[in-house]
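Report on the structure given below.
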Amino acid sequence: MRPTAVVTVAVAVMSGALAAQEHKTVPKDSVRVSIPGCTKGMIFTAGPRTQDEPGSVDVPEGMHFRMNGPKNMMAEIKAHEGSTIEITGLTKKGQYKPDGVGIGGGVRIMPGPGPSGGLAGNAGVSQLFIDVEGWRPVAGVCPSR
């Protein structure tokens with residue numbers, strides 16, 4: 001009788017560990033992405049793609065995301081600031097669609113402000129967000145500024 005109880009407890013513990021590894025479902029207006037890059041504070045900057053670390057979507061190099069996540073995970077990521085990491089998380093579909101025409105090396109050509117004067121810049125630009133679900137260190141060096 002006692003070995004049966006031990007086996008039952010072992011199966012329950014193992015199935016609980018497997019359930020904890022499952023990702024939450026992705027909302028219809030969002031997509032799960034894995035992006036290599038660097039962090040500074042709560043801002044993540046997408047890095048270049050390599051053959052062995054391609055990432056899961058085509059986010060242009062240099063694009064900035066504001067990270068949201070559990071406090072302890074954000075503290076772990078902050079401890080690795082200056083090292084290249086890959087974050088996995090949820091972001092809204094289409095929010096990182098680049099403007100203009102890409103000419104290579106992370107450089108894009110796009111129209112400037114009109115001749116009407118006033119302030120330069122695009123008032124319609126908003127901050128891009130990513131809800132971080134996990135991260136891991138990857139090979140590479142972050143540029144220092």
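The numbers here are math on the coordinates, done by the rules we state, and not lab data. Given the structure is predicted, the values throughout are model-derived calculations rather than measurements. Heads up, the Cβs are rebuilt from the backbone with ideal geometry, glycines too, and the neighbour counts pull from every protein chain shown.
Brief remarks on what is shown
- In straight-distance terms, cross-link reach from Lys28 covers every one of the lysines whose alpha-carbon lies under 28 Å from its own, apart from those fewer than eight places away in the same chain; here that gives Lys71, Lys92, Lys93, Lys97.
- Label-point separation, Leu128 to Ile109 (7 Å along Cα→Cβ), nm: 2.2
- Residue separation of Gln95 and Arg32 scaled by 0.36 nm, minus their Cα-Cα distance, works out to 21.4 nm of gained length.
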